[in-house]
Amino acid sequence: MNNRHPELFRRHPLNPILTVAAWPYPANSVFNPGATLLPDGTTLLLCRVEDRRGHSHFSVARSANGVDDWQIGPQPTLLPDPEHFPEEVWGIEDPRITYLSELGKYAIVYTAYSRVGPGVALALTEDFHHFERYGMIMPPEDKDAALFPHRIGGQWALIHRPVSFHGAHMWMSYSPDLRHWGSHKLMLQGRLGGWWDANKIGLSPPPIETPQGWLVIYHGVRQTASGSIYRLGLALFDLHAPERCLKRSEEWVFGPQEPYEQRGDVDNVVFPCGYTLAPDGDTIHVYYGAADTSIALATGSIRAILNQLEENGQRTA
């Protein structure tokens with residue numbers, strides 16, 4: 001970790017908190033979970049489970065304390081449905097959960113792996129038993145997407161990461177009805193050169209609303225002679241125009257350092273898709289995939305994260 005400032009995220013001593021060994025049916029690996037707190041305080045993880053074909057589906061794990069004693073259903077929670085949604089033919093991946101209070105429903109934005117590449121898909125649920133699929137809302141190649149929890153300027157807002165000849169950057173799009181998307185705006189670019197987040201970045205967990213702005217934890221990919229390294233950085237965006245970046249960390253704040261993060265199906269990856277906030281409104285629990293093989297937990301403070309971003313971040317607006 002960085003020696004110039006204190007560690008922002010503390011790994012839980014029980015890490016990894018979930019592995020495929022806990023699953024009640026055969027699978028290859030479990031990683032990259034979406035996360036939410038249910039009304040009774042239960043932590044729910046919607047885990048990406050890769051089967052032994054290499055295709056992924058989602059499975060719910062519940063815990064009273066968000067750390068251990070996970071209750072996992074005997075069957076998958078949400079399977080690909082290529083008969084009705086052909087864009088899911090090779091699986092569904094990397095869910096991110098946002099509660100939409102206006103609708104009284106949880107929005108799950110996920111990657112649908114189609115024959116022509118990954119795209120962004122959406123499903124709504126009230127109970128994580130019954131799901132209303134909207135299908136693909138952003139065509140390939142696009143992923144790393146999540147909704148904001150409420151409308152902004154009367155429109156729903158989505159962060160996503162399309163890929164082009166010029167790299168992989170984070171974009172904002174807006175919709176009146178969650179189905180038809182437009183007003184596309186570039187919100188954050190991968191840097192150039194030798195930066196830890198050069199050329200390829202993407203959203204990690206959904207954006208976090210704070211009085212100072214929308215706090216975004218994002219991942220950057222460093223290409224090295226021995227492969228890629230996935231690490232995390234921070235950015236803050238305007239509350240009313242979230243495509244406007246206010247501050248951005250120059251240095252990464254969390255990266256693979258433990259054996260379960262450095263070695264797995266994909267080495268050197270920490271990749272969070274979900275978080276929960278404690279009742280104090282400050283303590284954040286970040287649930288992340290480690291090396292595309294297991295699920296781990298890191299804990300931090302929103303206040304400390306914002307303070308570090310204010311002190312050390314690069315002002316962009």
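Suppose we filter TYR174, TYR218 for residues that are farther than 20 Å from PRO95 by Cβ, of a type in the set (Phe, Trp, Tyr) and assigned to a strand (DSSP E or B); which single one remains? Reasoning before the result, please.
Values: TYR218 fails: farther than 20 Å from PRO95 by Cβ.
So the residue among TYR174, TYR218 that is farther than 20 Å from PRO95 by Cβ, of a type in the set (Phe, Trp, Tyr) and assigned to a strand (DSSP E or B) is TYR174.
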The conditions are (1) crowded, with 19+ Cβ neighbours inside 10 Å; (2) more than 18 Å from PRO207 (Cα to Cα), and THR42 fails exactly one of them. Which is it? (1)
Scan region 279-317 residue by residue and report those that are of a type in the set (Val, Ile, Thr) and within 17 Å of LEU46 (Cα to Cα). VAL286, THR293, ILE295
Taking the condition of being under 18 Å from LEU239 (Cβ atoms) and in contact (Cβ under 8 Å) with a residue 40 or more places away in the chain, how many residues in region 180-203 meet it? 4
Filter result for PRO206 (in contact with a Leu (Cβ under 8 Å, 6 or more places away or on another chain), touching a residue at least 12 places away in the same chain (Cβ under 8 Å) and either buried (at least 19 other Cβ atoms within 10 Å of the Cβ) or part of a loop (DSSP other than H, G, I, E, B) (or both)): yes
Checked pairs for region 294-317, first over 30 Å from THR19 (Cα atoms) and of a type in the set (Ser, Thr, Tyr), second at pLDDT 95 or above and in a strand (DSSP E or B), C-beta under 8 Å and 6 or more apart or across chains, list as THR316/CYS245; THR316/LEU246; THR316/LYS247; THR316/ARG248
Among the residues of region 187-203, how many are part of a strand (DSSP E or B) and surrounded by fewer than 18 Cβ atoms within 10 Å (Cβ to Cβ)? 2
Can you tell me which residues in region 280-299 are under 18 Å from THR210 (Cβ atoms) and either in a strand (DSSP E or B) or touching a strand residue (DSSP E or B) at 6+ places or on another chain (Cβ under 9 Å) (or both)? ASP282, THR283, ILE284, HIS285, VAL286, THR299
Within region 32-48, is even one residue of a type in the set (Lys, Arg) and over 20 Å from ALA123 (Cβ atoms)? no
Could you tell me whether LEU239 is surrounded by fewer than 20 Cβ atoms within 10 Å (Cβ to Cβ), over 18 Å from the mean Cα position of the chain (by Cα), of a type in the set (A, V, I, L, M) and not in a strand (DSSP E or B)? yes
Within region 4-44, residues being under 27 Å from GLY281 (Cα atoms) and assigned to a loop (DSSP other than H, G, I, E, B) number 17
Going by the conditions given, is GLY233 touching a residue at least 40 places away in the same chain (Cβ under 8 Å) and in contact with a strand residue (DSSP E or B) (Cβ under 8 Å, 6 or more places away or on another chain)? no
How many residues does region 290-308 contain that are surrounded by 23 or more Cβ atoms within 10 Å (Cβ to Cβ) and not polar (S, T, N, Q)? 5
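The values are calculated or read from the model by the stated rules, or taken from the named source; none is laboratory data. As the structure is a computational prediction, the values presented were derived from the model and not from experiment. For neighbour counting, all protein chains shown are included, and Cβ atoms are generated from backbone atoms with ideal geometry for every residue, glycine included.
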